[in-house]
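Written out below as structure tokens is the structure these notes cover.
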Amino acid sequence: MNNYKKTSRMHTFAILAYKQSPFLEECIKSLLSQKVKSDIIISTSTPSDFIENLADKYNIPLYVNKKSHGIATDWNYAYNISKTEYVTLAHQDDIYTEDYLAKCMKKAERHPENLIIFTGYSELYGNEIVGNNLLLLIKKILLFPFLFTKKLNNKLLKKSILLLGSPISCPGVTYNKKNLQNFKFDESFSINMDWNAWIQLAGKKGSFVYDSAKLFLHRIHDEAETSKAFADNRRRDEDLRIFKKLWPKPLASLIAKIYSISYKSA
């Protein structure tokens, strides 16, 4: 039997629950329906009867972060309380296909030096699944090196896919805690902590492994934190901050302005 089929001892889905999402139960069901089973926990900094009732209904352990200082703090908490070798920080609004974990663990077995394993996805607007729009097209272009390989080991190549935006969607990332060791998200970010993390990890020894199959649905709605970030310009400010890490200041400002065009399709 392949090791990836024993994921109950290797992997945890840590659901990031916040306030009272009407989509949380659908996310839970999609994780319980995985062909390959896994540990599942719920992590929240906003405990409520709503979240507790769902945890009880599906017999899922619930952990409360009592020292939250923002989203990145919550992500770090969920990451740290997951004790398995692999962890996926599942977003409460998203839906995972039944093959998600099986395919990720198969990649993990084939590429044990991996740092992260990430997958393709479609966007979900209400009941409409959108597989292609401007933002998704840009991300496909940025992932161009993966047309020739299933993994990137070279530090410069890993960084190259991040120079013009973040094509790695955080809900679809499985982290190898053993290889990442003391990894943590930068808590000074409220939106781009994932993009900043990929840049940080690009400089480490180990590979980025990609499965282009669309293995989850990323829900887009007005109450999502990303949507709110567009409205109050946090996304633009943090994008510029990241580009300044990657490019000289004048060029960074120009790239950030061009990149913001894609917001219209988000």
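Just so it is clear, none of the values below were taken in a lab; they were calculated from the coordinates. Just so it is clear, the model here is predicted, and its values are computed rather than measured. Glycine also receives a Cβ, built like all others from the backbone with ideal geometry; neighbour counts cover every protein chain displayed.
Details
- Largest GNM mean-square fluctuation across Leu54, Leu147, Leu240, computed for the chain with C-alpha springs under 10 Å, falls on Leu147.
- For Phe216, the amide hydrogen comes within under 5 Å of the amide hydrogens of Thr97, Ser122, counting only partners 5 or more places away or on other chains and with H modelled in the peptide plane.
- Over the chain, volume per residue of the alpha carbon convex hull, in Å³: 122 Å³
- Between Glu187 and Ile258, the modelled labels are 3.7 nm apart [label points 7 Å from Cα along Cα→Cβ].
- Extension gain for the segment Lys66 to Ile129, taken as residue separation times 0.36 nm less the Cα-Cα distance, is 19.1 nm to one decimal.
- Taking the chain as a Gaussian network of alpha-carbon nodes connected by springs under 10 Å, the highest mean-square fluctuation of the residues Tyr125, Tyr210, Tyr96 belongs to Tyr125.
- Neighbour counts of other Cβ atoms within 10 Å put Arg241, Arg110 in the fewest-to-most order Arg110, Arg241.
- Selected from Asp239, Asp211, Asp49 as most flexible by GNM, with the chain as the system and alpha-carbon contacts under 10 Å: Asp49
- For the chain, calculated [θ]222 nm from helices alone, where every DSSP H run of n ≥ 4 adds -39500 (n - 2.57): -10500 deg cm²/dmol
- Distance from the C-alpha centroid of region 92-147 to that of region 153-198: 14 Å, rounded to the whole angstrom.
- Spacing of the two label points (7 Å from each Cα toward its C-beta) at Thr149 and Gln200, in nm: 2.4 nm
- Listed residue pairs exceeding 21 Å between alpha carbons, taken from Lys107/Lys150; Lys158/Lys204; Lys205/Lys249; Lys140/Lys205; Lys151/Lys244; Lys106/Lys177: Lys205/Lys249; Lys140/Lys205; Lys151/Lys244
- Taking Asp237, Asp93 and counting other C-beta atoms within 10 Å, the order from fewest to most: Asp237, Asp93
- Tensor-based shape of region 166-216 (alpha-carbon gyration tensor, a/c under 1.5 rounded, otherwise prolate or oblate): oblate
- Quotient of C-alpha Rg and 2.2 N^0.38 Å, computed over region 89-152: 1.28
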